[in-house]
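Data first, discussion second: the structure below is written as structure tokens.
The values are calculated or read from the model by the stated rules, or taken from the named source; none is laboratory data. Everything numeric in this text was worked out from a predicted model, so none of it was measured. Using ideal geometry, Cβ is built from the backbone for each residue, glycine included, and neighbour counts are taken over all protein chains shown.
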Amino acid sequence: MTSEFKRATIGVPSGDVDYFTAGSGHDVVYLHPAAGMRISEPLRRLARRFRVWAPIVPGFDGTEFHEGVGSMQALADLVADFIKAGPGKACDVVGSSLGGWLGAWLAVKHPGLVEHLVLSAPAGFRPADAAPLSFAPEVMRAQLYAHPERVPPDDKPPEMREANGRAVGHYGLGNSHDGELQARVSEITCQTLVLHGTLDVRVPASGVQMLKQRIPHSQLVYVYDAAHSLELDQPDRVGALTEDFLVRGESFIVNQTRPDAAQAEMGGAQ
Amino acid sequence: MRFSQTHHMPYTDIDEAGLGWPISNSRFEPQRAVEMFRTYIHAKVYAEECGFDAIGCNEHHMSPFGMMPNPSLVAASVLERTTRAEIQMSGSIVPLNNPIRVAEEYAMLDVMSGGRLMAGFMRGIPHEYVAYNVAPDDSWPRMREAVALILKCWTEPEPFGWEGEHYQFRAVSIWPKPVQQPYPPILMSGGSPTSARFAAEHKAVMGILRVLNFDQARKLIDIYKGKAREDGWEPGPDRFMVGVPTAAAETFEEAKRELRDGTQYFFDVLQGGINRAQQLVVSQTRFNANDTLIRAANKDQQMKATPVEERIENGQVLCGTPDMVVGQIQRMYAALNHGQMNVIVKVGNMSDDFVLRSMKLIGEHVFPEVKHLGKTETVAVE
């Protein structure tokens, strides 16, 4: 398998799921944000080291909704089915924004399927009393990107972008507050890395601080000079953090500037 | 009006320091330094007795200009011998240091002093970057990121990591945290338009630590106010600190002589090699791009030759009998509407006996006449 992503389809009990896949090695499932699937630099980086599976949430990017799947909890069950049908065993999960919300539900409901979890600017953790999120294009753009000049052109046609917006409504994600999930995140047992941009106003810092406080084995890392779309604002930092965490887990807090030399000294032991 | 005292703790037992960088320490006499440190620390502690509101500690490297490469050490000594005065760190040169260390040390000082810390975040002057081998071009990016990280260290409720351009830490949770919540008042330099805006962004006290003239100082204050209003708040006089070399004596002649001779020594000896390093930095990097410090440095040499009377007129110094100093402060306040003054009590090789007498006169005869000025505090705009 090369690091070039290919689109494919796999069947799960509720219907067919389109997905992108690339790479080889340990399985990593990537869950995309509300803007839909985009092969970002951090994702390409993951594919150079892992086998990446990136399902398209039904209803996004021109795909059909699945009957009976209309909530984040139901989507988490669908992703669990996808993992069973695709990788076929527990894997690492990386979720960005909406994907982080989904990844958190997956880890709560199906702990046996998630080895390491990365929640990048996870949606769903706004306080109940937070002001409503704006979806006006100019506000969105200002809040999503600290460095809009780094954002590659969006090749999705306008009607697909509009459909993605409707899909957000379909799953009831508009206010980005999920009280039930917030009450249950302490059930997440796997090693978890939470990433947050220092300029992110769509997910307030209090949301990720709450995750750090409640998830027993978690790390919170602020990515400096990044807004909500971390992967596009700071692709190198997000890519390096994610890869290092998935490779080394909890020990990623230890500076290892010469990992090869260290490994050789330890006789190749991890 | 609040008054802080600054004493740079210079090494004054040399007649010339040469014009190159670095300044040779071959003539440094350790035993003399022992005496100087005792004298200088005493002068700092004495400031509280004289009625100063704050005692300054600042960081400079590799020069007889100031023997305080780690201001926290001096602050720790001073705070143990004082009970009331604010410990004004003016301050750590943030881009040269590990920001976590700055956050930790400042938190320690705040706890050790029972909440008397003013946390100064300085970018420093060019020669410091040569001393610590940090690229001067990186000074502003490092400054911005380090300040953001330090504030995170003080305010995060849970352990966190930091992935930035200049600083990476995977797991941070400092002990102790500051006493003052959410964090101590911040002091930043406002010597340039860029730094004035940066200080306003952080609602920091802005120190104009070298006044060229009232117009220059007023422009910097206006830049700060403009940025504050953009951000929806109105700064009061308490946000502005003006720094001035000062000499008070029973007669104008004595004050003038001490200030003139001390200034001469400052420029001829203490500032010698520093100027060379500064020229190298500003000619080869963007350290001062778009800012006024280059012009300020050029003015230094002019300042040396400027008569004391003219320097008083420009607001560059306070000098004279206590009554004269009162008048100079009132005039300065009328021009700048500031609420804090940083009094540099030892200029060059000014005698230590004179420094103490000057401080005493200021405390007894100047403060009662001017402390009521600039009492309006900063308020948020609705």
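Some observations on this one:
- The requirement of being within 23 Å of residue B:73 (Cα to Cα), out of contact with any helix residue (DSSP H, G or I) (no Cβ under 7 Å at 6 or more places or on another chain) and among the basic types (Lys, Arg) is not satisfied by residue B:2.
- Flag if residue B:162 is within 28 Å of residue A:244 (Cβ to Cβ), facing chain A (nearest Cβ under 9 Å) and crowded, with 18+ Cβ neighbours inside 10 Å: yes
- Residue within segment B:167-176 that is touching a Lys or Arg at 6+ places or on another chain (Cβ under 6 Å), of a type outside the set (Ser, Thr, Tyr) and not in a loop (DSSP other than H, G, I, E, B) present: no
- Selected residue (only one of B:2, B:38 is basic (Lys, Arg), at pLDDT 95 or above and surrounded by fewer than 19 Cβ atoms within 10 Å (Cβ to Cβ)): B:38
- Residue count for segment B:165-199 satisfying the condition of being over 21 Å from residue A:207 (Cα atoms), of a type in the set (Ser, Thr, Tyr) and within 14 Å of chain A (Cβ to nearest Cβ): 1.
- Test: residue in segment B:295-308 that is modelled with pLDDT under 95, on the phi < 0 side of the Ramachandran plot and of a type in the set (Asp, Glu): yes
- Candidates in segment A:192-206 are the residues that are within 22 Å of residue A:219 (Cβ to Cβ) and surrounded by fewer than 22 Cβ atoms within 10 Å (Cβ to Cβ); of these, the one that is nearest to the other protein chains (Cβ to nearest Cβ) is A:198.
- Filtered residue count, segment B:321-338, keeping only those that are buried (at least 19 other Cβ atoms within 10 Å of the Cβ) and of a type in the set (Lys, Arg): 0
- Within the option set A:209, A:191, A:182, being among the polar types (S, T, N, Q) and touching a Gly at 6+ places or on another chain (Cβ under 6 Å) holds for one residue only, A:191.
- Residue that is part of a loop (DSSP other than H, G, I, E, B) and polar (S, T, N, Q), where the choices are A:175, A:164: A:175
- Restricting A:93, A:194, A:79, A:185 to those that are under 22 Å from residue A:13 (Cβ atoms) and either touching a Lys or Arg at 6+ places or on another chain (Cβ under 7 Å) or in a strand (DSSP E or B) (or both) reduces the list to A:93.
- Some residue of segment A:99-119 being at pLDDT below 95 and touching a strand residue (DSSP E or B) at 6+ places or on another chain (Cβ under 9 Å): no
- The test for being surrounded by fewer than 19 Cβ atoms within 10 Å (Cβ to Cβ), within 12 Å of chain B (Cβ to nearest Cβ) and not hydrophobic (A, V, I, L, M, F, W, C) does not hold for residue A:184.
- Residue match in segment A:98-115 (condition: closer than 20 Å to residue A:236 by Cα and either within 16 Å of the chain's Cα centre (by Cα) or assigned to a helix (DSSP H, G or I) (or both)): yes
- Within segment A:207-217, the only residue that satisfies the criterion of being crowded, with 18+ Cβ neighbours inside 10 Å, more than 9 Å from chain B (Cβ to nearest Cβ) and more than 15 Å from residue A:178 (Cα to Cα) is A:215.
- Of all residues in segment B:131-146 being surrounded by fewer than 16 Cβ atoms within 10 Å (Cβ to Cβ) and not charged (D, E, K, R), the one that is modelled with the highest pLDDT: B:141
- Filtered residue count, segment B:183-223, keeping only those that are in contact with a Gly (Cβ under 6 Å, 6 or more places away or on another chain) and farther than 17 Å from residue B:123 by Cα: 2
- For segment B:67-81, filtered to residues that are buried (at least 17 other Cβ atoms within 10 Å of the Cβ) and in contact with an Asp or Glu (Cβ under 8 Å, 6 or more places away or on another chain), the residue that is nearest to residue B:8 (Cα to Cα) is B:68.
- Segment A:41-58, residues that are buried (at least 22 other Cβ atoms within 10 Å of the Cβ) and not hydrophobic (A, V, I, L, M, F, W, C): A:42, A:55, A:58
- Test: residue in segment B:204-214 that is within 30 Å of residue A:195 (Cα to Cα) and either within 14 Å of chain A (Cβ to nearest Cβ) or in contact (Cβ under 8 Å) with a residue 24 or more places away in the chain (or both): yes
Every residue, every condition in (1) surrounded by fewer than 21 Cβ atoms within 10 Å (Cβ to Cβ); (2) away from chain B (no Cβ under 14 Å); (3) within 18 Å of the chain's Cα centre (by Cα); (4) over 22 Å from residue A:75 (Cα atoms), yes or no:
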{"site": "A:134", "(1), (2), (3), (4)": "yes, yes, no, yes"}
{"site": "A:153", "(1), (2), (3), (4)": "yes, yes, no, yes"}
{"site": "A:162", "(1), (2), (3), (4)": "yes, yes, no, no"}
{"site": "A:189", "(1), (2), (3), (4)": "yes, yes, yes, no"}
{"site": "A:239", "(1), (2), (3), (4)": "yes, no, yes, yes"}
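- Some residue of segment B:7-30 being surrounded by 12 or more Cβ atoms within 10 Å (Cβ to Cβ) and part of a helix (DSSP H, G or I): no
- Of B:149, B:109, all but one fail to be assigned to a helix (DSSP H, G or I), in contact with a Ser or Thr (Cβ under 8 Å, 6 or more places away or on another chain) and surrounded by 20 or more Cβ atoms within 10 Å (Cβ to Cβ); the exception is B:109.
- Against the conditions (1) over 16 Å from residue A:181 (Cβ atoms); (2) of a type outside the set (Lys, Arg); (3) touching a Lys or Arg at 6+ places or on another chain (Cβ under 9 Å); (4) not in a strand (DSSP E or B), residue A:201 satisfies every one except (3).
- Filtering B:72, B:63 for residues that are among the polar types (S, T, N, Q) and part of a loop (DSSP other than H, G, I, E, B) leaves a single hit, B:63.
- Scan segment A:22-38 for residues that are part of a strand (DSSP E or B) and within 26 Å of residue A:165 (Cβ to Cβ) and the total you get is 3.
- Some residue of segment A:23-38 being surrounded by fewer than 19 Cβ atoms within 10 Å (Cβ to Cβ) and of a type in the set (Ser, Thr, Tyr): yes
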